[in-house]
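Accompanying notes for the structure given below.
The values are calculated or read from the model by the stated rules, or taken from the named source; none is laboratory data. Because the structure is a prediction, the values reported are computed rather than measured. Backbone-built Cβ (ideal geometry, glycine too); neighbour counts: all protein chains shown.
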Amino acid sequence: MNYDYKAQEAKWQKRWDDAHAFEAKQDFTLPKYYPLVEFPYPSGQGLHVGHPRPYTALDIVARKKRMQGYNVLYPMGWDAFGLPTENFAIKNKIHPKTVTERNVARFKGQLKALGLSFDWSREINTTDPSYYKWTQWIFLQLFKKGLAYKKEMAVNFCTSCKVVLANEEVVNGVCERCQSTVIRKVKSQWMLKITEYADRLINDLDGLDYIERVKAQQINWIGRSTGAQIRFATTAGDDLTVYTTRCDTLFGATYMVIAPEHAMVEKWKDRLSNYDEIAAYRTASSRKSDFERTELVKEKTGVCLQGVRAINPVTGKEIPIFVSDYVLAGYGTGAIMAVPAHDDRDFAFAKAFGLPIVQVVEGGSIEEAAYTDVDTGKMIHSGFLNGLDVEDAKVRMIEYLEEKGIGHAKVNFKLRDWVFSRQRYWGEPIPLVECEHCGWVAIPEEQLPVMLPEVDSYEPTENGESPLSAMEDWVRCTCPVCGGAARRETDTMPQWAGSSWYFLRYCDPHNDKELASREALAYWMPVDWYNGGMEHTTLHLLYSRFWAKFLYDIDVLPQSEPYSKRTSHGMILGENGEKMSKSRGNVVNPDDIVRDYGADTMRLYEMFIGDFEQSAPWNPQSIKGCKRFLERVLNLTEIAEGEGVTAALEKKLHKLIKKVTEDIDAMKFNTAIAAMMGFVNDVYDHGSITKSDLRTFALLLCPFAPHLAEEVYEMMGGVGLASLAPFPVCDESKTVDDTVQMPVQINGKVRAVLTVDVQADKEAILALVHADAKVAEALQGKTVVKEIVIPGRIINIVVK
RNA sequence: GCGGGUGUGGCGGAACUGGCAGACGCGCCAGACUUAGGAUCUGGUGGAUUUCCGUGCAGGUUCGAGUCCUGUCACCCGCACCA
């Protein structure tokens, strides 16, 4: 039969639209299911074959759940603010809004062509003022709770994009987007106190069904460490506080190091005979990017402070203080006690500067390398700690420090606060004004949204200020508190803002009173299954969990975790096994596949390509296997006859229902498809199938290849839409076989295969084994040592 | 260095709590139908060979190991001077 997929696709997509088949129902008494995929950034390139993989996977989940009677919310939208659009707009002199509309239209067309069952009535767009009104509203709540603050700080500045980047956006010292050099620049920035949520962001992972690598990566990124803060007195009469995780080694601290930017350098300026040298060192390191600073791991540099020394609080000895850029200003106290005997970096520095190395934990060979093992070795040369294990020594030392009032236990995090300002046009305006009298003041909520004004030029300015800063008329305003002269904040929010709460808006997308109604949030949230890329684990995923926790704290959201389950798909690689990219010339356009093979084949192939979590290379040859399968399914309609059970296939069909149902829940889409292929092969081998059984099969196939499934279902007399019909339910009793094939092994080698009644016990099975000619032949002249029978599985006879 | 992961035919990949390794698909080989086949259908397809060898490598546990344990190698991803 001729497989006219183009006509079929158009026909069924229209019928689904006409029936509003995939719209979530407003009935909150029904059992709900909320699967979610990350909404895309509508780039100018259009969809890439990587996009449909997760979309199709969760579409299968959504479609199956819908057929199983759940009220399903499977939404889609556009994360449309961002630099590429702005850059394109600048280059082509088109308004970014126009560019966005064009890109969205293209993406939407491509997604619709794939037959994805999104609820388009809930489509959202982060650049829509009715959406970003609420992004601004959330920011204001953060501001009001003191979680947004302005800070002069050295920030990462991309020399090409002319924009400040978050730490997360700097990869190997270059801009994540354009690969240009990133330098340090001091700017006043809005910051969000995500660090205040660090503990909860780690601890609450416990109850969540996230794949291991996501949890591990988040924990690693937040970087919680427990240690102690210790105060060292100095010869300047003040003191210097350090953070350490190895307070047990305090007796071995033979010098100290502070970051070049450390405030004490200025404080001690008059006492330091080599201040100029130190200042020069500081200037040199500030010019280096983070990358350069960390790249030369082996080469330790630094300057010894002449004029101020510290006193080790337990040995009473005076020790030198150095500045060195191996100590980071932003972590801990920006100062360390150096224990060269037990820290690799301190060891390298001590060797370079000829500093004393005092061993305080036995083990290793200190002449060659630092001994960093904490599990073996007792404390030595450590006064009251001598003889203790490292862990016990830590506890004892903290007690001592607290007794003496010179230190205490302390937890530190690698996680930094979130740099929230961007000096760009195409983002949400930050809804604040600066008043001469009142300082930073929030725009009253009823005046939201603060609309992004029309500007003449979207070009970033040479001085790094936002393009909005050039609009004097817009910038000048009055203070909402005192009515005096004020100036608007001209920075915009980062792209991560809009995506940090979009899953909430889907619950109630047209609400103009609240970001979403309490009832809708209570019903739909949390997201039941969220799938997205691993590249978003430390950015989007962490930010959105932070915002959800905040919204929970201020009683907007009923739950403190937004996603119950998080999975991640593998990448689709080019034919050559390399990552798909324009520069490698191995990009496959999904439009071509849909045109040449049809949407169902495309969907099926993306799912059949391999393990969903693993990356897999694109293979144009393999696609036709999926197409052949679909044609073979369609051709079954020509041999299908009658109603009722196809006796010879009954068990196979029920096993298939079970397999497909379980595999979808376990994300094993590839083996579900393989099983369906196997079943179709069985039907052809058998030569016939009833129309009712073929309808059942079509329903099983429906989540995967919905257009063809609808067609087959209709041809076989199915009533209504297959997409809305009940998903087949397996009758367990029909999946049980009467007999099993049991291999008989002799010394682990299969010598015969017996057909055995499922109910047969050991004795009955052994009787069969002994009666078997092949077995008898193989046992000739051998002595049986042992007979192992695992009913239903295998028989192994051990002989000599 | 730390964390996570992966090694199975020519290729993508299957294999439940240890139980016939290679499901399913691609490719390939042979045949059928054809003016034709890069369409379709049928059969075959891990390697040598009549009995073995085979899941990165080396050991171990077991009646039995792709699966468990010890060690080791290679590759991929994330973080990385975080004290």
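In the condition set (1) modelled with pLDDT under 95; (2) in a helix (DSSP H, G or I), residue A:657 is compliant with all but (1).
Here residue A:728 meets each of (1) at pLDDT 90 or above; (2) within 15 Å of RNA strand B (Cβ to nearest atom); (3) part of a loop (DSSP other than H, G, I, E, B) with one exception, condition (2). If the condition is being among the polar types (S, T, N, Q) and at pLDDT 70 or above, then segment A:159-168 contributes A:159, A:160. Regarding segment A:242-255, can at least one residue be identified that is modelled with pLDDT of 95 or more, under 27 Å from residue A:182 (Cα atoms) and either buried (at least 21 other Cβ atoms within 10 Å of the Cβ) or more than 14 Å from RNA strand B (Cβ to nearest atom) (or both)? No. Within segment A:360-378, being surrounded by 15 or more Cβ atoms within 10 Å (Cβ to Cβ) and more than 16 Å from residue A:343 (Cβ to Cβ) holds for one residue alone: A:378.
Restricted to helices (runs of 4 or more DSSP H) entirely inside segment A:24-131, those with at least 3 residues that are closer than 25 Å to residue A:504 by Cβ are A:52-67, A:96-113. Within segment A:567-588, the set of residues being surrounded by 12 or more Cβ atoms within 10 Å (Cβ to Cβ) and within 25 Å of the chain's Cα centre (by Cα) comprises A:567, A:568, A:569, A:570, A:571, A:572, A:573, A:574, A:579, A:580, A:587, A:588.
Residues in segment A:704-717 include none that are more than 15 Å from RNA strand B (Cβ to nearest atom), exposed (fewer than 15 other Cβ atoms within 10 Å of the Cβ) and closer than 22 Å to residue A:22 by Cβ. Take segment A:747-792 and flag every residue that is within 49 Å of the chain's Cα centre (by Cα) and surrounded by fewer than 11 Cβ atoms within 10 Å (Cβ to Cβ). A:748, A:749, A:759 - these are the residues of segment A:747-792 that are within 49 Å of the chain's Cα centre (by Cα) and surrounded by fewer than 11 Cβ atoms within 10 Å (Cβ to Cβ).
Listed here are the residues, each with its yes/no results for (1) in a strand (DSSP E or B); (2) more than 11 Å from RNA strand B (Cβ to nearest atom); (3) modelled with pLDDT under 95.
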{"site": "A:240", "(1), (2), (3)": "yes, yes, no"}
{"site": "A:257", "(1), (2), (3)": "yes, no, no"}
{"site": "A:282", "(1), (2), (3)": "no, yes, yes"}
{"site": "A:293", "(1), (2), (3)": "no, no, yes"}
{"site": "A:300", "(1), (2), (3)": "no, no, yes"}
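Residues in segment A:329-359 that are surrounded by fewer than 22 Cβ atoms within 10 Å (Cβ to Cβ), among the aromatic types (Phe, Trp, Tyr) and within 12 Å of RNA strand B (Cβ to nearest atom): A:331 alone.
Residue count for segment A:311-326 under the criterion of being within 15 Å of RNA strand B (Cβ to nearest atom), of a type outside the set (Phe, Trp, Tyr) and farther than 10 Å from residue A:254 by Cα: the result is 3. For the structure I just gave you, tell me whether residue A:200 is touching a helix residue (DSSP H, G or I) at 6+ places or on another chain (Cβ under 8 Å), away from RNA strand B (no atom under 15 Å from the Cβ) and closer than 28 Å to residue A:391 by Cβ. When the stated conditions are applied, residue A:200 passes them. What do you reckon, is residue A:362 farther than 19 Å from residue A:229 by Cβ, within 11 Å of RNA strand B (Cβ to nearest atom) and at pLDDT below 95? So residue A:362 fails the test. Taking each residue of segment A:204-221 that is within 16 Å of residue A:526 (Cβ to Cβ) and in contact (Cβ under 8 Å) with a residue 12 or more places away in the chain and looking for partners that are assigned to a helix (DSSP H, G or I) and near RNA strand B (Cβ under 7 Å from one of its atoms) with beta-carbon atoms closer than 8 Å, six or more apart or interchain, yields A:214/A:534. Residue A:741 meets each of the listed conditions (1) crowded, with 19+ Cβ neighbours inside 10 Å; (2) farther than 19 Å from residue A:636 by Cα; (3) without any contact (Cβ under 8 Å) to a residue 40 or more places away in the chain apart from (1). Residues that are surrounded by 15 or more Cβ atoms within 10 Å (Cβ to Cβ) and in contact with a Lys or Arg (Cβ under 9 Å, 6 or more places away or on another chain) do occur in segment A:631-644, at least one of them. Residues of segment A:396-426 that are over 30 Å from residue A:159 (Cα atoms), more than 12 Å from RNA strand B (Cβ to nearest atom) and surrounded by 14 or more Cβ atoms within 10 Å (Cβ to Cβ): A:396, A:397, A:398, A:400, A:401, A:406, A:407, A:409.
Here's the yes/no breakdown for (1) closer than 23 Å to residue A:705 by Cβ; (2) surrounded by fewer than 21 Cβ atoms within 10 Å (Cβ to Cβ); (3) at pLDDT below 95:
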site: A:51; (1), (2), (3): yes, yes, yes
site: A:56; (1), (2), (3): yes, no, no
site: A:77; (1), (2), (3): no, no, no
site: A:84; (1), (2), (3): no, yes, yes
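Restricting segment A:324-348 to residues that are in a loop (DSSP other than H, G, I, E, B), touching a Ser or Thr at 6+ places or on another chain (Cβ under 7 Å) and more than 12 Å from residue A:246 (Cα to Cα) leaves a set whose member that is modelled with the lowest pLDDT is A:325. Looking across segment A:227-238 at every residue that is within 14 Å of residue A:407 (Cα to Cα) and touching a helix residue (DSSP H, G or I) at 6+ places or on another chain (Cβ under 9 Å), the one that is farthest from RNA strand B (Cβ to nearest atom) is identified as A:231.
For beta carbons closer than 7 Å, sequence separation of 6+ or different chains, a first residue in segment A:668-688 that is within 12 Å of residue A:609 (Cα to Cα) and a second that is part of a helix (DSSP H, G or I) and aromatic (Phe, Trp, Tyr), the qualifying pairs are A:670/A:608; A:673/A:608. The set of residues from segment A:732-746 being in contact with a Lys or Arg (Cβ under 9 Å, 6 or more places away or on another chain) and either closer than 19 Å to residue A:69 by Cβ or outside any strand (DSSP E or B) (or both) comprises A:732, A:734, A:735, A:736, A:737. Can you go through A:171, A:186, A:155 and tell me which one is among the aliphatic types (A, V, I, L, M), over 16 Å from residue A:494 (Cβ atoms) and modelled with pLDDT under 95? The match here is A:186. Of the residues making up segment A:465-487, those that are in contact with a strand residue (DSSP E or B) (Cβ under 8 Å, 6 or more places away or on another chain), surrounded by 15 or more Cβ atoms within 10 Å (Cβ to Cβ) and outside any strand (DSSP E or B) number 7. Put simply, of A:678, A:687 the only residue that is more than 29 Å from the chain's Cα centre (by Cα) and at positive phi is A:687.
Of the residues that sit in segment A:614-630 and are in contact (Cβ under 8 Å) with a residue 40 or more places away in the chain and surrounded by fewer than 14 Cβ atoms within 10 Å (Cβ to Cβ), which one is farthest from RNA strand B (Cβ to nearest atom)? This residue is A:620.
Reported count of residues in segment A:77-89, each being touching an Asp or Glu at 6+ places or on another chain (Cβ under 6 Å) and of a type in the set (A, V, I, L, M), is 0.
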